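The values are calculated or read from the model by the stated rules, or taken from the named source; none is laboratory data. It should be emphasised that the depicted structure is a prediction, and the values quoted were computed from it without experimental measurement. All Cβ positions, glycine included, derive from the backbone under ideal geometry; neighbour counts span all protein chains shown.
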Amino acid sequence: MSNIKLITFDLDDTFWEIGPVIIKAEIKTREYIDSSLGEKINWGNMDEYLAIRKSLITENPAMTYDLTLLRKGMMNHYLTPYFTSESAKNDLLDAAFDFFLAERHKVSFYEGVKDTLGELAKAYSLGILTNGNADMKKLGMESYFDFSISSEDVKSAKPEPGHFEKALEISTLEPANVLHIGDHQLCDMIGGIQSGFNVMWFNNKDMLWEYSTPKPEEFSTWKNGAKIINSYIERLKNE
(Lines give C-alpha, C1' and ligand atoms only; values in the text may rest on other atoms or scores of the structure.)
Protein backbone atom coordinates (compact mmCIF):
# COMPACT_ATOMS: atom_id res chain seq x y z
CA MET A 1 0.00 0.00 0.00
CA SER A 2 1.34 3.42 -0.99
CA ASN A 3 0.02 6.67 0.42
CA ILE A 4 1.25 9.24 -2.11
CA LYS A 5 2.14 12.63 -0.67
CA LEU A 6 4.64 13.86 -3.27
CA ILE A 7 4.56 13.71 -7.07
CA THR A 8 7.79 14.40 -8.94
CA PHE A 9 8.02 15.13 -12.65
CA ASP A 10 10.54 15.05 -15.44
CA LEU A 11 10.36 18.09 -17.77
CA ASP A 12 11.68 17.65 -21.32
CA ASP A 13 9.44 15.40 -23.44
CA THR A 14 7.16 15.01 -20.43
CA PHE A 15 5.61 18.49 -20.26
CA TRP A 16 6.63 19.51 -23.79
CA GLU A 17 8.43 18.14 -26.84
CA ILE A 18 12.05 19.25 -26.65
CA GLY A 19 13.72 18.02 -29.87
CA PRO A 20 12.47 20.71 -32.27
CA VAL A 21 13.04 23.41 -29.62
CA ILE A 22 16.72 22.47 -29.17
CA ILE A 23 17.32 22.26 -32.93
CA LYS A 24 15.80 25.69 -33.49
CA ALA A 25 17.71 27.13 -30.53
CA GLU A 26 20.97 25.71 -31.90
CA ILE A 27 20.39 27.19 -35.35
CA LYS A 28 19.41 30.61 -34.04
CA THR A 29 22.35 30.68 -31.61
CA ARG A 30 24.78 29.93 -34.42
CA GLU A 31 23.25 32.77 -36.41
CA TYR A 32 23.58 35.03 -33.38
CA ILE A 33 27.26 34.14 -32.97
CA ASP A 34 28.02 34.62 -36.67
CA SER A 35 26.30 37.99 -36.61
CA SER A 36 28.07 39.11 -33.44
CA LEU A 37 31.42 37.94 -34.76
CA GLY A 38 30.93 39.54 -38.16
CA GLU A 39 31.90 36.37 -40.01
CA LYS A 40 30.57 32.87 -40.45
CA ILE A 41 32.10 30.21 -38.24
CA ASN A 42 32.94 26.83 -39.76
CA TRP A 43 30.45 24.79 -37.74
CA GLY A 44 31.23 21.52 -39.55
CA ASN A 45 28.80 18.63 -39.87
CA MET A 46 26.94 16.50 -37.35
CA ASP A 47 29.61 13.79 -37.18
CA GLU A 48 32.23 16.41 -36.36
CA TYR A 49 29.90 18.00 -33.79
CA LEU A 50 29.36 14.66 -32.04
CA ALA A 51 33.09 13.89 -32.10
CA ILE A 52 33.87 17.23 -30.43
CA ARG A 53 31.17 16.59 -27.86
CA LYS A 54 32.57 13.14 -27.08
CA SER A 55 36.09 14.52 -26.76
CA LEU A 56 35.00 17.25 -24.34
CA ILE A 57 33.14 14.76 -22.15
CA THR A 58 36.19 12.48 -22.10
CA GLU A 59 38.33 15.43 -20.94
CA ASN A 60 35.77 16.53 -18.36
CA PRO A 61 33.29 13.79 -17.27
CA ALA A 62 31.22 16.41 -15.40
CA MET A 63 29.89 17.40 -18.82
CA THR A 64 28.02 14.10 -18.87
CA TYR A 65 25.47 15.57 -16.47
CA ASP A 66 26.17 19.32 -16.52
CA LEU A 67 24.57 20.46 -19.76
CA THR A 68 25.42 24.11 -19.10
CA LEU A 69 29.10 23.22 -18.81
CA LEU A 70 28.88 21.06 -21.94
CA ARG A 71 27.11 23.73 -23.97
CA LYS A 72 29.66 26.36 -22.97
CA GLY A 73 32.47 23.92 -23.71
CA MET A 74 31.15 23.37 -27.22
CA MET A 75 30.81 27.10 -27.81
CA ASN A 76 34.33 27.68 -26.51
CA HIS A 77 35.71 25.08 -28.94
CA TYR A 78 34.15 26.81 -31.94
CA LEU A 79 34.96 30.37 -30.82
CA THR A 80 38.61 29.91 -29.80
CA PRO A 81 40.14 30.11 -33.32
CA TYR A 82 38.49 33.47 -33.93
CA PHE A 83 39.84 35.32 -30.87
CA THR A 84 43.19 36.50 -29.56
CA SER A 85 41.53 38.06 -26.50
CA GLU A 86 40.28 35.56 -23.92
CA SER A 87 38.14 38.26 -22.32
CA ALA A 88 36.42 39.19 -25.59
CA LYS A 89 35.82 35.52 -26.37
CA ASN A 90 34.27 34.89 -22.97
CA ASP A 91 32.01 37.92 -23.32
CA LEU A 92 30.58 36.54 -26.56
CA LEU A 93 30.42 33.02 -25.11
CA ASP A 94 28.37 34.21 -22.13
CA ALA A 95 26.07 36.31 -24.32
CA ALA A 96 25.59 33.42 -26.75
CA PHE A 97 24.79 30.99 -23.96
CA ASP A 98 22.21 33.39 -22.50
CA PHE A 99 20.72 33.72 -25.99
CA PHE A 100 20.57 29.92 -26.36
CA LEU A 101 19.00 29.49 -22.94
CA ALA A 102 16.26 32.00 -23.78
CA GLU A 103 15.54 30.15 -27.03
CA ARG A 104 15.64 26.80 -25.23
CA HIS A 105 12.79 27.96 -23.01
CA LYS A 106 10.47 28.74 -25.92
CA VAL A 107 8.55 25.51 -25.35
CA SER A 108 4.92 24.66 -26.00
CA PHE A 109 3.31 22.76 -23.14
CA TYR A 110 1.32 19.69 -24.09
CA GLU A 111 -2.39 20.39 -23.84
CA GLY A 112 -3.63 19.79 -20.32
CA VAL A 113 -0.30 20.05 -18.48
CA LYS A 114 -1.01 23.35 -16.75
CA ASP A 115 -4.55 22.35 -15.74
CA THR A 116 -3.25 19.03 -14.41
CA LEU A 117 -0.56 20.70 -12.32
CA GLY A 118 -3.05 23.20 -10.95
CA GLU A 119 -5.33 20.41 -9.77
CA LEU A 120 -2.60 18.17 -8.37
CA ALA A 121 -0.97 21.04 -6.47
CA LYS A 122 -4.13 21.33 -4.38
CA ALA A 123 -3.67 17.83 -2.97
CA TYR A 124 0.02 16.94 -3.17
CA SER A 125 3.49 18.41 -2.92
CA LEU A 126 5.02 18.63 -6.39
CA GLY A 127 8.68 18.50 -7.39
CA ILE A 128 10.85 18.47 -10.50
CA LEU A 129 13.62 15.96 -11.24
CA THR A 130 15.34 16.94 -14.49
CA ASN A 131 18.54 16.05 -16.29
CA GLY A 132 18.19 19.23 -18.35
CA ASN A 133 18.56 22.94 -17.64
CA ALA A 134 14.98 24.10 -18.07
CA ASP A 135 13.88 26.53 -15.37
CA MET A 136 10.20 26.69 -14.45
CA LYS A 137 10.75 30.24 -13.15
CA LYS A 138 11.53 31.31 -16.71
CA LEU A 139 8.22 29.76 -17.76
CA GLY A 140 6.17 31.32 -14.97
CA MET A 141 5.29 27.89 -13.54
CA GLU A 142 7.36 27.83 -10.35
CA SER A 143 4.35 28.40 -8.08
CA TYR A 144 3.15 24.83 -8.66
CA PHE A 145 6.33 23.24 -7.32
CA ASP A 146 7.88 22.88 -3.89
CA PHE A 147 11.36 22.16 -5.27
CA SER A 148 13.32 21.54 -8.46
CA ILE A 149 16.36 19.27 -8.69
CA SER A 150 18.67 19.35 -11.71
CA SER A 151 21.69 17.23 -12.61
CA GLU A 152 23.89 20.20 -11.76
CA ASP A 153 22.44 20.14 -8.23
CA VAL A 154 23.27 16.50 -7.55
CA LYS A 155 26.31 16.09 -9.83
CA SER A 156 24.74 13.13 -11.60
CA ALA A 157 22.06 12.28 -14.12
CA LYS A 158 19.03 10.04 -13.81
CA PRO A 159 18.82 7.02 -13.68
CA GLU A 160 21.54 7.36 -11.05
CA PRO A 161 19.94 7.77 -7.62
CA GLY A 162 21.05 11.35 -6.90
CA HIS A 163 17.82 13.09 -7.97
CA PHE A 164 15.62 10.58 -6.18
CA GLU A 165 17.65 10.61 -2.98
CA LYS A 166 17.66 14.40 -2.93
CA ALA A 167 13.87 14.46 -3.34
CA LEU A 168 13.52 12.19 -0.31
CA GLU A 169 15.92 14.34 1.66
CA ILE A 170 14.02 17.54 0.87
CA SER A 171 10.57 16.06 1.46
CA THR A 172 11.56 13.82 4.43
CA LEU A 173 9.33 11.14 2.91
CA GLU A 174 9.81 7.44 2.23
CA PRO A 175 10.00 6.20 -1.40
CA ALA A 176 6.58 4.56 -1.04
CA ASN A 177 5.06 8.02 -0.50
CA VAL A 178 6.35 9.34 -3.83
CA LEU A 179 5.10 8.98 -7.39
CA HIS A 180 7.51 9.92 -10.19
CA ILE A 181 6.16 10.72 -13.66
CA GLY A 182 8.30 10.95 -16.78
CA ASP A 183 8.73 9.89 -20.38
CA HIS A 184 12.14 8.21 -20.39
CA GLN A 185 12.12 4.47 -19.87
CA LEU A 186 15.61 4.28 -18.37
CA CYS A 187 16.13 7.67 -16.72
CA ASP A 188 12.64 8.07 -15.24
CA MET A 189 11.04 4.65 -15.02
CA ILE A 190 13.95 2.32 -14.25
CA GLY A 191 15.70 5.02 -12.24
CA GLY A 192 12.60 5.62 -10.17
CA ILE A 193 11.88 1.94 -9.65
CA GLN A 194 15.45 1.25 -8.54
CA SER A 195 15.11 4.03 -5.96
CA GLY A 196 11.89 2.50 -4.63
CA PHE A 197 9.55 5.15 -6.09
CA ASN A 198 6.16 4.46 -7.54
CA VAL A 199 6.31 5.45 -11.20
CA MET A 200 3.98 6.42 -14.02
CA TRP A 201 5.11 6.43 -17.65
CA PHE A 202 4.08 9.29 -19.92
CA ASN A 203 4.10 7.55 -23.29
CA ASN A 204 2.58 9.82 -25.94
CA LYS A 205 4.56 8.25 -28.80
CA ASP A 206 3.18 4.73 -28.41
CA MET A 207 6.60 3.34 -27.55
CA LEU A 208 7.07 -0.33 -26.75
CA TRP A 209 8.39 -1.13 -23.28
CA GLU A 210 12.01 -2.29 -23.68
CA TYR A 211 12.89 -3.69 -20.25
CA SER A 212 12.35 -7.00 -18.46
CA THR A 213 10.96 -5.09 -15.48
CA PRO A 214 7.13 -5.12 -15.68
CA LYS A 215 5.83 -2.21 -17.71
CA PRO A 216 4.77 0.67 -15.47
CA GLU A 217 1.35 2.24 -15.43
CA GLU A 218 1.23 4.46 -18.50
CA PHE A 219 -0.79 7.32 -19.94
CA SER A 220 -0.52 9.19 -23.24
CA THR A 221 -2.23 12.54 -22.76
CA TRP A 222 -2.37 15.30 -20.18
CA LYS A 223 -6.02 15.99 -20.96
CA ASN A 224 -7.86 15.02 -17.77
CA GLY A 225 -4.39 14.30 -16.40
CA ALA A 226 -5.33 14.92 -12.78
CA LYS A 227 -8.16 12.40 -13.03
CA ILE A 228 -5.86 9.80 -14.62
CA ILE A 229 -3.13 10.28 -12.03
CA ASN A 230 -5.52 10.39 -9.06
CA SER A 231 -7.15 7.19 -10.24
CA TYR A 232 -3.79 5.42 -10.23
CA ILE A 233 -2.93 6.84 -6.82
CA GLU A 234 -6.19 5.45 -5.42
CA ARG A 235 -5.30 2.02 -6.80
CA LEU A 236 -1.87 2.23 -5.16
CA LYS A 237 -3.56 2.74 -1.79
CA ASN A 238 -5.30 -0.61 -2.16
CA GLU A 239 -2.40 -2.68 -3.45
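Looking only at the range 147-165, how many residues end up being more than 28 Å from PHE99 (Cα to Cα) and without any contact (Cβ under 8 Å) to a residue 24 or more places away in the chain?
1
I'd like to know if the range 178-200 contains one or more residues that are under 17 Å from PRO159 (Cβ atoms), surrounded by 15 or more Cβ atoms within 10 Å (Cβ to Cβ) and among the charged types (D, E, K, R).
Yes, some residue in the range 178-200 is under 17 Å from PRO159 (Cβ atoms), surrounded by 15 or more Cβ atoms within 10 Å (Cβ to Cβ) and among the charged types (D, E, K, R).
Of these, PHE97, PHE9, which one is hydrophobic (A, V, I, L, M, F, W, C) and in contact with a strand residue (DSSP E or B) (Cβ under 7 Å, 6 or more places away or on another chain)?
Checking each option against the conditions leaves just PHE9.
Quick one: would you say ALA157 is part of a loop (DSSP other than H, G, I, E, B), in the same structural domain as LYS223 (by TED's automatic domain parsing) and crowded, with 17+ Cβ neighbours inside 10 Å?
yes
Quick check on the range 81-124: of everything there that is of a type in the set (Ser, Thr, Tyr) and touching a helix residue (DSSP H, G or I) at 6+ places or on another chain (Cβ under 7 Å), which residue is farthest from GLU26 (Cα to Cα)?
Looking at the filtered set, the residue picked out is THR116.
Output yes when any residue across the range 21-33 is closer than 21 Å to GLU152 by Cβ, in contact with a strand residue (DSSP E or B) (Cβ under 9 Å, 6 or more places away or on another chain), part of a helix (DSSP H, G or I) and modelled with pLDDT of 95 or more, and no when none is.
Among the residues of the range 21-33, at least one is closer than 21 Å to GLU152 by Cβ, in contact with a strand residue (DSSP E or B) (Cβ under 9 Å, 6 or more places away or on another chain), part of a helix (DSSP H, G or I) and modelled with pLDDT of 95 or more, which makes the answer yes.
Does LEU126 count as assigned by TED's automatic domain parsing to the domain that holds LEU179 and not charged (D, E, K, R)?
For LEU126, the condition - assigned by TED's automatic domain parsing to the domain that holds LEU179 and not charged (D, E, K, R) - is met.
Out of the residues in the range 1-25 that are farther than 17 Å from ASN203 by Cβ and polar (S, T, N, Q), state the one that is surrounded by the fewest Cβ atoms within 10 Å (Cβ to Cβ).
Of everything passing the filter in the range 1-25, ASN3 is surrounded by the fewest Cβ atoms within 10 Å (Cβ to Cβ).
Look through the range 119-145, keep the residues that are in contact (Cβ under 8 Å) with a residue 60 or more places away in the chain and not hydrophobic (A, V, I, L, M, F, W, C), and return whichever of them is surrounded by the fewest Cβ atoms within 10 Å (Cβ to Cβ).
Applying the filter and picking the extreme gives GLU119.
Within the set of pairs 6+ apart or on separate chains, which have a first residue in the range 89-106 that is closer than 12 Å to MET75 by Cβ, a second that is at pLDDT 95 or above and small (Gly, Ala, Ser), and C-beta atoms under 8 Å apart?
What qualifies is LEU92/SER36; ALA95/SER36; ALA96/SER36; PHE100/ALA25.
Here is a check on your reading of the model: is TYR49 touching a Leu at 6+ places or on another chain (Cβ under 9 Å), surrounded by 12 or more Cβ atoms within 10 Å (Cβ to Cβ), at pLDDT below 95 and not hydrophobic (A, V, I, L, M, F, W, C)?
no
Which of the numbered conditions does GLU234 fail, given that it passes all the others? Conditions: (1) farther than 19 Å from THR130 by Cβ; (2) touching a residue at least 12 places away in the same chain (Cβ under 8 Å).
Failed condition: (2).
Given the conditions (1) of a type in the set (A, V, I, L, M); (2) outside the structural domain of GLY182 (by TED's automatic domain parsing); (3) assigned to a loop (DSSP other than H, G, I, E, B), which single one is not true for LEU70?
Going through (1) of a type in the set (A, V, I, L, M); (2) outside the structural domain of GLY182 (by TED's automatic domain parsing); (3) assigned to a loop (DSSP other than H, G, I, E, B) one by one, LEU70 breaks only (3).
Cβ-Cβ distance below 8 Å, separation of 6 or more or different chains: which pairs start in the range 26-43 with a residue that is more than 12 Å from PHE99 (Cβ to Cβ) and end on one that is modelled with pLDDT of 95 or more and loosely packed, with under 13 Cβ neighbours inside 10 Å?
Taking only residues 6 or more apart or on different chains, not a single pair turns up.
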